Amino acid sequence: MPQDFTKEMKKTHTILCPDIFPTHMELLRGIFLMYGYRLDVLHYEGKQVIDTGLKYLHNDICYPAICSLGQQIYALQCGDYDVHKVALIMFQTGGGCRASNYIWLLRRALKNMGLDFVPVISISFSGLEHYSGFHLTPMMLLMGIRALVYGDMLLLLKNQCMPYEKTSGQAQALVQKWIQRLTDQFQHRRGLTNASMRKNLQEMVKEFHQIPKCSRSLIKVGIVGEIYVKYSSFGNNNLEKFLASQGCEYMIPGVLGFLQYCFANMDIDYRYYGGNRLIRTGGHIAEFMARKLEQAMLAALKPYPEFAAPAPFEKLKKLADTVIDRGVKMGEGWLLPGETAELIEKGYTNIICAQPFGCLPNHIVGKGVIRSLRLRYPHANIFPIDYDPGASRVNQENRIKLMLAIAREEQANHEKTRA
Amino acid sequence: MKKLGLDVGSTTLKCVVLDENNTILFTTYARHLSKILPQTAQLLREIAAKFPGETMSVSVAGSAGMGMANAFSLPFIQEVYATRLAVAQLAPQTDVVIELGGEDAKILFLTNGVEVRMNGTCAGGTGAFIDQMASLMDVTPEDLNTLASQHEKIYTIASRCGVFAKSDIQPLLNQGARREDIAASIFYAVVNQTISGLAQGREIAGNILYLGGPLTFLPQLRSSFDDVLHVHGYCPEYSLYYVALGAAYAADTQGFDLETLASQILDYTPKDAYAGCARLFSNEKEYAAFRKSHDQASKGIREIDAPEGSMFLGIDVGSTTVKLLLCDHEGNIFRPFYSSNHANPVPIVRKYLEKLYQDFPDIHIAACAVTGYGEEIIRCAFHVDFGIVETIAHYTAAKKFRPDVDFILDIGGQDIKCFQIKNGAIDNIFLNEACSSGCGSFLQTFAAALGYDIETFSKLGLFAEKPVDLGSRCTVFMNSSVKQAQKDGADVGSISAGLSISVVKNALYKVIRCGDAATLGKHIVVQGGTFLNDAVLRAFEQEIGREVIRPRYAAVMGAYGAALYAMEHCANQEQRSSLLDAQALRNFRHETHAFTCSGCNNHCRLTLNTFGGKDRYIAGNRCDKPLKLPQARETFNLVAYKNSLLAKFKENKKIPGRPTIGLPMGLNFYELLPFWYTFFDTLGFNVAVSPTSSRKLYLAGQSTIPSDTVCYPAKLMHGHIQALLDENVDAIFYPDMSYNIDEHLGDQHFNCPVVAYYPQVIRANMRALKQTVFICDFISLHARRHFPIRCKQILDSYFPKRPLKEIQKAARAAYAAYDAYLADVRRTGAQYLTIATQKHLPVIVLAGRPYHIDPEINHGIDELLCQLGAVVLSEDSVSNQVSRFPVSVRNQWTYHSRLYAAAKFVAEQGPDINLVQLVSFGCGLDAITSDETRSILEKAGKIYTQIKIDEISNMGAIKIRLRSLFSVVEDKSKLSASVSGTIAGQPSLENRISASIPAAML
């Protein structure tokens, strides 16, 4: 039996979490705190973390596992934490991809290290484990999702302001300010009702709108791909920073979309394979609630057309249908081509598909569908970029530079024809 | 103002100067041997001298140019983009550009939608690869071209990665294939790599332009491209300089004074620090002490100057080297010899023997033994007494130096071998399979690339202050890591030390996969030529934190072990070995002839070696057929049986008036063929099943594969669909299946993502599907009641509507056929098992996925096992004998649940029943399953054997591995027999095996 997370541990233990989504994790921390759990988001980076991951995990396991589990194992080894006072946490979807095994890999690594007394908390769609001291209540889950929506909004606004700001650093500062402010609100159990969310989101958009900006003609890049390497700067060798240095504005679709995708799959499973009606209904309810949050976000953005708002999820579904069957539900599944199509239609025609080297679902939904996407969008400039412990950054950046060279040419042609 | 374009590639430096009218004034091309900055500075000075007092606008391109451009604020232009600019200027009518460079390969599609492809993390099929292969064959790339022009036939060489290709070529060389044919095969491998890796489903046609070094210098490579693509490509003037030209065209900066720029470059000290690891030796004194302590290890064994009494000869024909020595009855060593095998070991052995007989005409050789890759050919050529498995040879030798040795690590030219020893028997074996990263030949190639010989190169690393931390990864990746480190200012010494350390890390963490180096063993013997390198030895000791034993003869331990084995197994020391004597050696002749076997559908490419017109040795065979053995033994091979069961569903009847539906015979159809065949047959369709997989079938679909890192079984699917299209079937049925049958062995019953969704990839990437109806809807068989309803939905959307009842009836028949098939497999499996017990035959459960019974995928490993005397079962024939049990992973894939169950079944059986897991290269799930399967088996004291399979068909390494497994099993059987006192009168397993190995003679 895996080590339990006991009631006492709630008081004594710090839960260590890898930084999967940079901004979002900070907000989730606030939610955990609100429920009385101390959560530390780990920011270890660099070769020693990768090496730790490679040492305790199978060499051929996915890069996201090596990075994120590597961070957790490293945290236990580097001496920053008392191993008797920490627990680890892992978020999983429980789908047919090998990522569902992360929790098991982590436990095995701990066992090999003689640290199997460290509790590992699994948060998964595929059935929850029971812990005497950790209860993921539906309410806490909902609060968590709301925090993610805040994260999505901050990310969206930051990405659209930063490249254009007159004084650099303002957008980032605003993000920090909001993380602090929201965490404070959560502490007082505020900021999570429908009304207060609406208010917060509106204010957020307004403040970002007020950042003085100049107009620049930048290359617009959309980032899609495997969920970890897409978001995590550790996983993607600081992709965002590199793009910014090359004069790009980039857009990364939000985390809420991924959740909606997971919920929507329950309905598709029922349609294709029959089975439990209750699960389908559960999926419908979850989709409905997520749609409410999505609407709040879109409503807040509506008065400011300068910000490109994400497409409603229902539209994403329709776009995905044109490229792939929505039965593909492992990994990022049909969401990835859907998001790609949406970004292209929105004008982010240069697409980086960030994927771990040898990622199985990405053979299908990444490289596998690029041809279909190109046929549909001949002007799309799609580049899959592989990430791996051995892949050199020079190679990755060189490929991205190629994409950008073509993008610039395309942009110049475009401007010429317009003139 | 004049314009200067600089192309800093991975291996070469190219430069072009243009005048204001874009006329080319000056070009230069040189290998930079990784001394990029000084070479560039020198080049700039040359140009400055040629155009004195002129400032030029400058632009830099090339994979290694990015760092330089950043450091000196020069404009950078991406190299593929530069090529495009140059092509637009010089050859505007071009449709497709194929450009191969030192480490990169690119295809540019210029018409009908511009698309640019470049190789990602894999450097297979590039100039570096050709260089590597040329050095493997001991010729220059230009010679390779000359050789290729005289080829007669083409061998299949895995084209994905240089490392794999190497393991294909090596056995060919060892088996005596013609060098001309191998050279040509290498070029075809490059072509295939370029097409499968870069075309990604887009057709290469129209006006083709060939650019870059390899395509410029190697006309045979160009004609190979022409041949495969059915085009007439064109290699223009300045084909080496297109990138540099593009950069020059794009240069529009203010003028640079080249002399000043050159000085800046020379004065530059890189800012970024590279990651380093602990140094090997801090001073000479430490090194001296280290040397002294290791010299102690070999005392007691002397090297003698002349033969004394009966002598024993040991020969080790490794992948890249030949080792020979003799020893006397005390084990003292005489005439140790070590040489690169120059792609043909036969003349080397011959020369050694000739010299020996010449110097010591009276020598008495009592017995001799040969081991290694070339065992069979040498045994046949020179009439050697014994042929033994490498593992046994090495253990025999290591015991001599340390009787209580419990761990042996041997790093040779291309292999890493590790053996764990328990109770005097080899308990566990690790071999590097498809990957040779971090082996000796890698160090050698690297040294050569940097312009050093290996001895000098490794010495440079001994006292390096900050060795580069290169981690433990693939050779190809290591190349780019080294480049990055160089960019960050690492000197040759630090790189040399870093490479030595990475060799060790690879062996420990990639091959042995040990979590904690301290648990390896207490008495470790290291050997193999690579360990004569003090830097590697030191790195190993540092990494595991303890001292080890390195015999002075580390490089020839295989041969030494063979000699000792010959001594131990020689019945009478007075007798004379059957080895060719001086007289016979004088008349020795060796001829080779290549031909294709027509014994069965495999059409193996065989090489016939004839020695002195009498002895013949055939290599390249998968089965015994071409050997024309007097009588074929009865074999019990469930894999073959499954194939024969499935053949019944491949009649492809054509009843007029019925629509024909095509089923691709790949991936999960290997399991579900009985189901779908019966289903559609009952519904009134003609069922056309695609033909058995073959290399040819694969190549037919190769150009539509979008992801070159997906597993080979999935890639084959493109060929199967193409075959069905060629048959003009009315519809092709290839459904997506997220879920598999639920056999209640796990928590879930998914298919792996590739099996589940590959139809989507086919749909998106095979344009020709438009000519037919492609049915790739989602369906699952696990929900038996829902299945007909869903099927009706699907079929009604493609064909005239039919009543649900009809479909329900077909479904019932289909489920019955599926159940009957599986029951038959299991029944027959049980029978084989009984026979094995009765006849005391070893049993191997060959565990993989259902589609691993495809002979194109498993390369006939099942037949090999039968040849070795084993009864072969499949995983699904035993998985039902185990009920669900807890595993330490998420048990969520049906095929993999069977695997765990099969492992559990084997774990509960006696020592004669073992499991071999087949793993397709690129299978991500097996990163999880292999560890779990191993732990289930090892918990029960069983040996875990994994065989990685890909396009490659290197049976040599696989054979060694399986023979080693049998010899370990033998030891264990003996041990348990001596405890229980059973199996009296049975021939020993090893004897049974050696008796069953084709004598390799006709």
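Once each of the trypsin sites (Lys or Arg not before Pro) sitting in a DSSP loop with at most 11 other beta-carbon atoms within 10 Å is removed, chain A keeps A:217-419 as its longest stretch. Remark: mean inter-chain Cβ contacts per residue of A:58-65 equal 4, using a 10 Å Cβ-Cβ cutoff to other protein chain atoms.
Counting only aspartates and glutamates at least 8 places from B:Lys770 when in the same chain, those with an alpha carbon closer than 15 Å to its own are B:Asp726, B:Glu727, B:Asp730. Taking the DSSP beta bridges with both ends in chain A, the antiparallel portion is around 5 percent.
Kirkwood's formula applied to the C-alpha pairs of the stretch B:249-303 gives a hydrodynamic radius of 17.4 angstrom.
Partners of B:Lys2 within straight-line reach, counting aspartates and glutamates whose Cα lies under 16 Å from its Cα and excluding those fewer than 8 residues away in the same chain: B:Asp19, B:Glu20, B:Glu46, B:Glu54, B:Asp252, B:Asp257, B:Glu259.
If you take the C-alpha gyration tensor of the stretch A:68-221, multiply each eigenvalue by 5 and take the square root, what semi-axes do you get, largest first, in whole Å?
Each semi-axis is the square root of five times an eigenvalue, giving 36, 20, 16 Å.
The alpha-carbon positions of the stretch B:640-818 define a convex hull whose volume is 125 Å³ per residue.
Got a sec? How would A:Glu26, B:Glu376, B:Glu20 order by Cβ neighbour count within 10 Å, fewest to most?
Least crowded to most crowded, the residues run B:Glu20, A:Glu26, B:Glu376.
Given a cut-off of under 8 Å on Cα pairs at least six residues apart, what relative contact order in percent is computed for chain A? Please report the intermediate quantities before stating the final value.
Details: 619 pairs, mean separation 69.2, N = 419.
For chain A, the relative contact order is 17 percent.
Computed over the alpha-carbon atoms, the protein assembly as shown gives an Rg to Rh ratio of 0.96, Rh here being the Kirkwood radius from the mean inverse distance. Residues whose amide H lies under 5 Å from that of B:Gly387, counting only those 5 or more places away or on a different chain, are B:Val370; hydrogens are built 1.01 Å from N in the peptide plane. By the rule of a C-alpha distance below 17 Å, with chain neighbours fewer than 8 residues away ignored, the lysines paired with B:Lys400 are B:Lys299, B:Lys422, B:Lys522. Ordered by the count of other Cβ atoms within 10 Å of each Cβ, fewest first, A:Ile227, B:Ile304 give B:Ile304, A:Ile227.
Net charge within 14 Å of B:Thr28 by Cβ-Cβ distance, Lys/Arg positive one each and Asp/Glu negative one each, not counting B:Thr28 itself? The partial results should precede the final answer.
Numbers: positive: B:Lys14, B:Arg31, B:Arg45, B:Lys50; negative: B:Asp7, B:Glu46.
Counting the neighbours of B:Thr28, the net charge comes to +2.
Distance between the C-alpha centres of the stretch B:326-349 and the stretch B:893-965: 35 Å, rounded to the whole angstrom.
Charge tally for A:Lys85 (other residues, Cβ to Cβ under 13 Å; Lys, Arg +1; Asp, Glu -1): -1. Placing +1 on the Cβ of every Lys and Arg and -1 on the Cβ of every Asp and Glu, with nothing else charged, gives the protein assembly as shown a dipole about its Cα centre of roughly 3680 debye. Of all the options A:Asp386, A:Asp60, A:Asp51, the one that moves most in a Gaussian network model of chain A with Cα springs shorter than 10 angstrom is A:Asp60. When the pairs A:Lys47/A:Lys111; A:Lys47/A:Lys346; B:Lys292/B:Lys942 are compared against a 30 Å limit on Cα-Cα distance, A:Lys47/A:Lys346; B:Lys292/B:Lys942 fall above it. Label-to-label distance for B:Gln793 and B:Phe26 is 7.2 nm, based on points extended 7 Å past Cα in the beta-carbon direction.
Using the structure shown, list the pairs from A:Lys241/B:Lys483; A:Lys230/A:Lys416; B:Lys323/B:Lys972; A:Lys55/B:Lys285; B:Lys642/B:Lys696; B:Lys323/B:Lys399 with a Cα-Cα distance above 26 Å, or answer none. Checking Cα-Cα distances, A:Lys230/A:Lys416; B:Lys323/B:Lys972; A:Lys55/B:Lys285 exceed 26 Å.
Our note on the geometry: Cα centres of the stretch A:171-235 and the stretch B:277-308, 64 Å apart. Working from label points 7 Å from Cα in the Cα-to-Cβ sense, the B:Asn332 to A:Gln77 distance is 5.0 nm. Going by neighbour counts of Cβ atoms within 10 Å, the residues B:Ser874, A:Ser217, A:Ser196 line up, fewest first, as A:Ser217, A:Ser196, B:Ser874.
So if R0 is 41 Å, what FRET efficiency would B:Glu568 and B:Leu841 give, r being the distance between their Cβ atoms, rounded to the nearest 0.05? Step by step, r from the Cβ atoms, then E = 0.90. Between the alpha-carbon centres of the stretch B:860-875 and the stretch B:557-575 there is a gap of 31 Å.
Computed from the coordinates by the stated procedures, all read-outs in this text should not be read as laboratory data. In this text the structure is predicted, and so the values were computed from the model without any measurement. Positions of Cβ are backbone-derived with ideal geometry, glycine not excepted, and every protein chain shown enters the neighbour counts.
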